[in-house]
Amino acid sequence: MTARTGWVTDSGEFHGGGEASRIPSPAADLSMACRIRLLIRGAGIGLWTTGLFLVWGVGALPLLGSARLTRAWQTRIVCLWARGMCALLGIQRLVEGPAPRPPFFLVSNHLSYVDILVLAASVRGVFVSKSEVRRWPGIGMLASIFGTIFLDRTRTRDALRVLETFDRVVAAGIGVVVFPEGTSTAGDRVGPFHAALLEWAARRDFPVHTVALRYETAPPDPPAHEAICWWGDMAFLPHVARLCTLRRSRATVRFAPEAIRRPDRRALADEARSAVLARFHPVVTPELL
């Protein structure tokens, strides 16, 4: 990759073990400054997460009789946790446009697991994730505790359960966040939106909000498509370690000013994608991948 001056913007693609990444895996030969940064941030993340987990548990006890209040408490803690995580990782959030107020249905392009931190710090809602995440060490437990809606894509009937869950979440006054591409992209495009995830909003004539994400790093750090976006066959833990060594980074969150309503899920998916594309700034060209 060629060196660049100023803010360097890239992103990447996760194909779940499909297409191989051309980005080298994080190297073990880190500088002493990077090692120190990694240790400090690792310790900070552990302490922050443990502390917020205890706060969540204590605060949830008197709310156990009310699903609505429990959900509200969960989203409040998740928002606080995500903001702290962004601060610990040196991620500056630049938010453009009005963030939707809960209850909402929000769709976004997908670049990395970091998307969840950035969006959770910007809006109060629960995320829809593939069921495999539930089995990830540490991350799966946190996602379950914090109310993530898991979707088993191998079972057609599971989509019906998820749609019913949307009813309960929205009735509790909480937002829902989905990534309709189904996978992350390399930042050169926004992939097609899978209409199935917008079935609930189409049936209910519920307004769909949209947001476009991008990431930037600054030299001498590696570009964001190597260190922030997770794609190809990148291993998770080494990637997190690389992320923790960055001096600073920027996440731009662009919300559309108006929501979309359509009774047909395919038309809704196409228009939502167009709204994301209108605020999407290509961050890498195919020849650089």
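The values are calculated or read from the model by the stated rules, or taken from the named source; none is laboratory data. Source: prediction; values computed, not measured. Here the Cβ is made from the backbone with ideal geometry for all residues, glycine too, and neighbour counts use every protein chain on show. Please note that ligands, DNA and RNA were not included when accessible areas were found on the heavy atoms of the full protein model with its side chains. Shrake-Rupley method; radii C 1.70, N 1.55, O 1.52, S 1.80 Å.
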Once ligands and nucleic acids are excluded and a 1.4 Å probe is used, how much of residue 39 is accessible, expressed in Å² to the nearest 10?
130 Å²
Segment 53-133 pair-distance distribution - Cα-Cα, 10 Å bins, rounded %:
16, 44, 34, 6
Would you mind counting up the charge near residue 85? Only other residues with Cβ under 13 Å from its Cβ, with Lys and Arg at +1 and Asp and Glu at -1.
+2
Give me the net charge for the shell around residue 99: Cβ to Cβ below 14 angstrom, other residues only, Lys and Arg +1, Asp and Glu -1.
+4
With runs of 4+ DSSP H residues as the only contributors, calculate the mean residue ellipticity of the chain at 222 nm using -39,500 (n - 2.57) per run, divided by the residue total and rounded to the nearest 500.
-12500 deg cm²/dmol
Within a Cβ distance under 11 Å of residue 166, other residues only, what is the Lys/Arg minus Asp/Glu net charge?
+1
Once whole DSSP H runs in the chain are found, which of them have Cα atoms spread over 30 Å or more along the helix axis and a mean Kyte-Doolittle score of at least 1.0?
32-60
If DNA, RNA and ligands are ignored and the probe is 1.4 Å, what is the ranking of 106, 54 by accessible area, most exposed first?
54, 106
Could you give each residue of segment 175-182 its phi-based ³J(HN,Hα) in whole Hz, using Karplus coefficients 6.51, -1.76, 1.60 with θ = phi - 60°, and x for Gly or Pro?
x, 10, 10, 10, 10, x, 5, x
Alpha carbon convex hull of segment 32-92, volume per residue in cubic angstrom
56 Å³
Just how much of residue 216 is accessible, in Å², when a 1.4 Å probe is used and the result is rounded to the nearest 10?
20 Å²
The chain - Rg (one decimal) and Dmax (whole number), Cα, Å:
18.6, 57
I need to check one value: relative contact order of the chain, counting alpha carbon pairs closer than 8 Å and at least 6 residues apart, in percent.
33 percent
Apply the Kirkwood formula to segment 175-289: the hydrodynamic radius equals the inverse of the mean of 1/r over all pairs of different alpha-carbon atoms; give it in Å with one decimal.
15.6 Å
Specify which residue in the list 217, 232, 48 is farthest towards the positive end of the charge dipole of the chain, using unit charges on the beta carbon of Lys, Arg (+1) and Asp, Glu (-1), about the Cα centre.
48
What does the convex hull of the Cα atoms of segment 112-234 come to per residue, in Å³, rounded to a whole number?
133 Å³
Measuring from centroid to centroid over Cα atoms, what is the spacing of segment 139-168 and segment 171-187 in Å?
12 Å
Under 10 Å, Cα contacts only: if you run a Gaussian network model on the chain, which one of 122, 274, 31 comes out with the highest mean-square fluctuation?
31
Provide the solvent-accessible area of residue 234, counting protein heavy atoms only and rolling a 1.4 Å probe, rounded to the nearest 10 Å².
20 Å²
I want the antiparallel fraction of DSSP beta bridges within the chain, as a percent rounded to 5.
35 percent
